[in-house]
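Report on the following structure.
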Amino acid sequence: MICWRDTVNSTLLDKKDGVRLAFAAEQLIGKRFRLHGRDPETGLDCVGLVHVCLQSVGREMGPIRGYRLKNTSIDCWLQHAHSAGLVLNFGGLEPGDIVLISPGPLQHHLMIADTTGAFIHAHASLGRIVRQKQTYASSNIIKKWRLTALKKE
């Protein structure tokens, strides 16, 4: 279990949408993997999985283009998290949290925490969206994000 001091103000969090985001990811298990994929019917990569799940809870993530399976830097894409209503999470994981890991040199990968304590992600080697228990050491975690509550107008 990953335990860091929680510095996120819990009043800003939207746990209901987090669970909905996790449920949306669970509905995509078994869908095909496709690099740069954004459509569940033709295939998704890890960015596409997060994009589709965020859309399902009314959030938009700007277009993320130009990445490869290995990248020397991903800094130019990280601002998309904020625009989608995500804040950095320094605490424990909850359903719907989005986790950025580094599974290997120059590799970056997004996963969504599900409602069972596992992660849902686009597995390139298996060629599909899968649910897996945590298989990565906490030292491989680069960032964790959580949904904030949408402002009422």
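For this structure, a couple of remarks:
- Any chance His36 is at negative phi and at pLDDT 75 or above: no
- Residue match in the range 3-17 (condition: at pLDDT 80 or above, buried (at least 17 other Cβ atoms within 10 Å of the Cβ) and either out of contact with any Lys or Arg (no Cβ under 6 Å at 6 or more places or on another chain) or not in a loop (DSSP other than H, G, I, E, B) (or both)): yes
- Extreme residue, modelled with the highest pLDDT, among residues of the range 52-64 that are surrounded by fewer than 23 Cβ atoms within 10 Å (Cβ to Cβ) and either under 19 Å from His123 (Cα atoms) or of a type in the set (A, V, I, L, M) (or both): Val52
- Scanning the range 29-58 for residues that are in a loop (DSSP other than H, G, I, E, B) and either more than 13 Å from the chain's Cα centre (by Cα) or of a type in the set (Phe, Trp, Tyr) (or both) turns up Ile29, Gly30, Lys31, Arg34, Leu35, His36, Gly37, Pro40, Glu41, Thr42, Val57, Gly58.
- The range 88-145, subset within 9 Å of the chain's Cα centre (by Cα) and of a type in the set (D, E, K, R), residue modelled with the highest pLDDT: Asp97
- Scanning the range 78-87 for residues that are crowded, with 19+ Cβ neighbours inside 10 Å and more than 12 Å from the chain's Cα centre (by Cα) yields a single hit, Gly85.
The values are calculated or read from the model by the stated rules, or taken from the named source; none is laboratory data. Please read all numbers here as calculations on a predicted model, not as lab measurements. As a convention, Cβ positions derive from the backbone with ideal geometry for all residues, glycine included, and neighbour counts pool all protein chains shown.
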